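Chemist: Here it is, the structure, as structure tokens.
The values are calculated or read from the model by the stated rules, or taken from the named source; none is laboratory data. Note that the structure is a prediction, hence the values are computed from the model and not measured. Counting neighbours? That spans all protein chains shown, and the Cβs are built from the backbone with ideal geometry, glycine included. For accessibility, only protein heavy atoms count, side chains too; no ligands or nucleic acids. Shrake-Rupley method; radii C 1.70, N 1.55, O 1.52, S 1.80 Å.
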Amino acid sequence: MLTLALPKGRLLDPALALLSGMGIRSIEPDSRRLLVADEEAGLRFILLKPADIPTYVEYGAADLGIVGKDILLEQQPDVYEPVDLGFGFCRLVVAEPRELWERDDPAKWSWVRVATKYPRLTEQYFSSRGIQVEIVRLDGSIELAPLVGLAERIVDLVQSGETLRANGLVEVAEITRSTARVIVNRASMKTEYTAVTQLIEDMRAKLDAP
């Protein structure tokens, strides 16, 4: 069996819809089971926190995984990335409180304190612009940081931006865009080449179908 790591959260439903379109319907979205085998399909599924998927794939605990490009850019795992699945579109942005934005000029920034769960991408973005950055590492509720004085600005992933606006934040800049990708363990690509490439081609065929 091949092991495919699936992300819990926003990418799970479209990933399951893709698999269902391929005739694989062994996973119940509301189930609490984290390990599911589908012997007929020759697949085993593990459901993981999205940020853990590159680790499982890189170290061979999973042959393949589905994960957002934002996580791959942040972690830079040593894996193959053969397919852009196209769903789960989001943007990684810099945002700040509206009252700060109304009197702010990003061109004059020399030092900023930023809350984020993307420290590598945040450091790269500000350093490339000659701006010193102090990073406050958070795993959730990033939008809260400027409201309580933990940081003046945030770098976070957004879809529509509604959560930012609901918390009085305004987008200042876009760092990168993200969609779901298939990643493959390098050893699995060699030892299970036929099965891995067939699964990838089945996904591509489904994505290209009208």
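Chemist: As a test, work out the antiparallel percent of DSSP beta bridges whose residues both lie in the chain, rounded to the nearest 5.
Modeler: Values: 25 of 42 bridges.
Bridges in the chain that DSSP calls antiparallel: roughly 60 percent.
Chemist: Continuing with the same structure: Would you work out if the range 1-63 is rounded, prolate or oblate? Take a ≥ b ≥ c from the square roots of the eigenvalues of the alpha-carbon gyration tensor; rounded if a/c is under 1.5, else prolate when a/b is larger than b/c, oblate otherwise. List each step's numbers first, then the result.
Modeler: Working: a/c = 1.70, a/b = 1.18, b/c = 1.44.
Since a/c reaches 1.5 but b/c is at least a/b, the shape of the range 1-63 is classed as oblate.
Chemist: How much of the accessible area of the range 9-111, probe 1.4 Å, is carbon plus sulfur, in whole percent?
Modeler: Whole-percent figure for carbon plus sulfur exposure: 47.
Chemist: Oh, and also: Using only Cα positions of the range 73-172, each an equal point scatterer, no hydration layer, compute I(q)/I(0) via Debye at q = 0.18, 0.19, 0.24 Å⁻¹ and quote the log10 values to two decimals.
Modeler: -0.87, -0.96, -1.37
Chemist: A follow-up question, please. Cross-link partners among aspartates and glutamates for K8, C-alpha distance below 19 Å, same-chain residues fewer than 8 apart left out?
Modeler: E28, D30, D38, D52, E58, D63, D70, E74, D84, D139, D156
Chemist: Right, here's the next one. Using the heavy atoms of the protein chains and a 1.4 angstrom probe, tell me the accessible area per residue for the range 1-49 in square angstrom. Write down the numbers at each step before the final one.
Modeler: Working: 2770 Å² over 49 residues.
Roughly 57 Å² per residue, with all protein chains present.
Chemist: Further question on the same structure: Please identify every one of the trypsin sites (Lys or Arg not before Pro) in the range 10-65 that sits in a loop by DSSP and has no more than 16 other beta carbons within 10 Å of its own beta carbon. Don't skip to the answer; put the middle values down first.
Modeler: Details: sites: R10, R25, R32, R33, R44; in loops: R10, R25, R32, R33.
Here the sparse-neighbourhood loop sites are R10, R25, R32, R33.
Chemist: Amide H neighbours of L138 under 5 Å, counting only residues 5+ apart in sequence or on other chains, H built in-plane at 1.01 Å?
Modeler: T116, K117
Chemist: So, one more: State the three equivalent ellipsoid semi-axes of the range 62-125, derived from the C-alpha gyration tensor as the square roots of 5 times its eigenvalues, in descending order and whole Å. Kindly include the intermediate steps, with their values, before the conclusion.
Modeler: Details: eigenvalues 202, 38, 16 Å².
One finds semi-axes of 32, 14, 9 Å for the range 62-125.
Chemist: Hey, how many Å between the Cα centroid of the range 4-35 and the Cα centroid of the range 110-139?
Modeler: With the range 4-35 and the range 110-139 each reduced to a Cα centre, they are spaced 34 Å.
Chemist: Net charge around N185, counting only other residues with Cβ within less than 12 Å of its Cβ (Lys, Arg = +1; Asp, Glu = -1)? Working shown, then result.
Modeler: Numbers: positive: R186, K190; negative: E58, D63, D78, E81, E192.
Net of charged neighbours comes to -3.
Chemist: How large is the translational diffusion coefficient of the chain in µm² per second when you combine the Kirkwood radius over alpha carbon pairs with Stokes-Einstein at 4 °C and 1.567 mPa s?
Modeler: It comes out at roughly 70 µm²/s.
Chemist: Considering only DSSP states other than H, G, I, E and B, which trypsin sites (Lys or Arg not before Pro) in the range 108-155 qualify as loop sites with at most 15 other Cβ atoms within 10 Å? All intermediate terms of the calculation are to be shown ahead of the outcome.
Modeler: On the way: sites: K108, R113, K117, R120, R129, R137, R153; in loops: K117, R129.
Here the sparse-neighbourhood loop sites are R129.
Chemist: Count charges around R33 for me, please; just the other residues with Cβ under 15 Å from its Cβ, Lys/Arg as +1, Asp/Glu as -1. Provide the component values of the computation, followed by the final result.
Modeler: Numbers: positive: K8, R25, R32, R44; negative: E28, D30, D38.
Here the count lands on +1.
Chemist: Right, next: Mind listing P(r) for the range 21-129? All alpha-carbon pairs, 5 Å bins, whole percents.
Modeler: Per 5 Å bin, starting at zero, the Cα-Cα P(r) for the range 21-129 comes out as 2, 8, 15, 17, 16, 12, 9, 8, 6, 5, 2, 1, 0 percent.
Chemist: In nm, to one decimal, how far is the modelled label at R204 from the one at L144, with both set 7 Å along Cα→Cβ?
Modeler: It is 4.5 nm.
Chemist: So how far, in whole Å, is the C-alpha centre of the range 42-71 from the one of the range 155-170?
Modeler: So the two Cα centres are separated by 27 Å.
Chemist: So what is the accessible area of the range 167-210 per residue, in Å², with the probe set to 1.4 Å? Present the calculation step by step, with values, prior to reporting the outcome.
Modeler: Working: 2380 Å² over 44 residues.
Spelled out: the 1.4 Å probe surface of the range 167-210, per residue, equals 54 Å².
Chemist: Here's something else I'd like to know. Roughly to the nearest percent, how much of the accessible area of the range 133-210 is carbon and sulfur, given a 1.4 Å probe? Please report the intermediate quantities before stating the final value.
Modeler: Details: 1980 of 4210 Å².
So the carbon and sulfur contribution to the accessible surface is 47 percent.
Chemist: Still on this model: Which GluC sites (Glu not before Pro) in the range 62-103 sit in a loop by DSSP (not H, G, I, E or B) and have at most 15 other Cβ atoms within 10 Å of their own Cβ? Walk me through the numbers before you get to the answer.
Modeler: Values: sites: E74, E99, E102; in loops: E102.
In loop regions of the range 62-103 (DSSP not H, G, I, E or B), the sparsely surrounded GluC sites (Glu not before Pro) are E102.
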